[in-house]
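The values are calculated or read from the model by the stated rules, or taken from the named source; none is laboratory data. Worth saying up front: this structure is predicted, and the values here are computed from it rather than measured. Quick reminder, even Gly has a Cβ in these numbers, built from the backbone with ideal geometry, and neighbours come from all protein chains shown. Accessible surface is based on the protein model in full, side chains and every heavy atom, while ligands, DNA and RNA are left aside. Shrake-Rupley method; radii C 1.70, N 1.55, O 1.52, S 1.80 Å.
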Amino acid sequence: MASLWYCVAVLGLVARGSVNADMKLDCKGGFVTLVWTDGRSQMDTSLLRLGSCFPTSLTDREAVFTVDFNDCNFRRLVTGKRLIYANDLTYITPPNSVIPSYIDLIVCEFERPRDWYPLVYEPVFSTYGLEELVFHIGLMNANFSGPAESTRFPLGSIIAIMASVEQQTHQPLLLLIDECVAATTPELQPESSLYPLITKKGCLVDSKKSRSKFEPRQKTSEIRLSLQAFKFAVGGEVFIHCSLVAWDPNGLGNTKKACHYIKDYGWELLDDPSHSSLCDCCESSCKARKTRDLVTGKHGAVQNVVLGPLTITD
């Protein structure tokens, strides 16, 4: 697959000071080779690190790193047709050293083949089709710039979830999450143990007792959710069942909304805080509209999705 990728290697210098060294960077499809050559004999090449990795080979004047992009804590960013991997080459010196510590930014940029998708998506990313609409839901990294690198989350950490809908030839739509529960089974059953996350037609009830919240939208056709990892089913498999609603952007109301609770403020409407009164029913009940409007009526469509399995660790 490497032959399909066009590579650009960029070395950005940060706080480099007077360090005298040559660096050669060779980016391949799945790994990178970095050769660092010292111009001064007093440097200790064993103190160099590429992310979390030690050099793979050393001499007194040279350090070589040959590592996989899945190792060393590389940061991955997927943007349109580009795939970018970045990491920091650091030199941390002991106190009173005559040579200062410094950091080099190492970047490899590729042109992404159309049929390429991160393998990490496979156990956590799902696609659903409904008439002319295609829905997606997946686990993301902390800043929503790419897929999550793990499906294991320590208790209290943030689980980043992004859902989207491909509108194709359809009129512009607003994506909402109608209901969402965590369960211990991939299919909801009468005996399933459940933990409510979003109820009452878009109320993120978990936000009243945690740091969970909706994140600001980047586009109307997607919605981002940060969940604080909960105590429910710690150590076991957890599946998150949600009902996604693709809706008329001008049709917000008590039953079509995205609300989260902010401490010392109250309920806030994600898409227009000035109309947060639409969230008042989160403390009581939010009456549903007619069934024909909810399923395939002129206002939009509903799709049930499942995310998981994921594991919350103590």
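Structure values in brief
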item: Top-ranked residue of segment 141-160 - restricted to ones that are at pLDDT 90 or above and not polar (S, T, N, Q), ranked as nearest to V302 (Cα to Cα); result: A160
item: Answer residue from segment 1-35, given it is hydrophobic (A, V, I, L, M, F, W, C) and at pLDDT 85 or above and is surrounded by the fewest Cβ atoms within 10 Å (Cβ to Cβ) among those; result: V35
item: Qualifying residues in segment 43-88 (those that are of a type in the set (A, V, I, L, M, F, W, C) and either part of a helix (DSSP H, G or I) or free of Cβ contacts under 8 Å to residues at least 12 places away in the same chain (or both)) - the one nearest to Q218 (Cα to Cα); result: F54
item: All positions within segment 191-207 that are open to solvent by 20 Å² or more (accessible area, probe 1.4 Å) and either under 21 Å from G253 (Cα atoms) or in contact with a helix residue (DSSP H, G or I) (Cβ under 9 Å, 6 or more places away or on another chain) (or both); result: Y195, P196, T199, K200, K201, V205
item: Residue in segment 111-134 that is modelled with pLDDT of 85 or more and under 21 Å from the mean Cα position of the chain (by Cα) present; result: no
item: Unique match (being over 17 Å from L175 (Cα atoms) and among the small types (G, A, S)) among S221, S207, S243, S226; result: S207
item: Filter result for R211 (closer than 19 Å to L176 by Cα, assigned by the TED database to the domain that holds P172 and open to solvent by 10 Å² or more (accessible area, probe 1.4 Å)); result: no
item: Count of residues meeting criterion [modelled with pLDDT under 85, among the β-branched types (V, I, T) and in contact with a strand residue (DSSP E or B) (Cβ under 6 Å, 6 or more places away or on another chain)] in segment 296-311; result: 0
item: A183 vs. criteria at pLDDT 90 or above and under 30 Å from L83 (Cα atoms); result: no
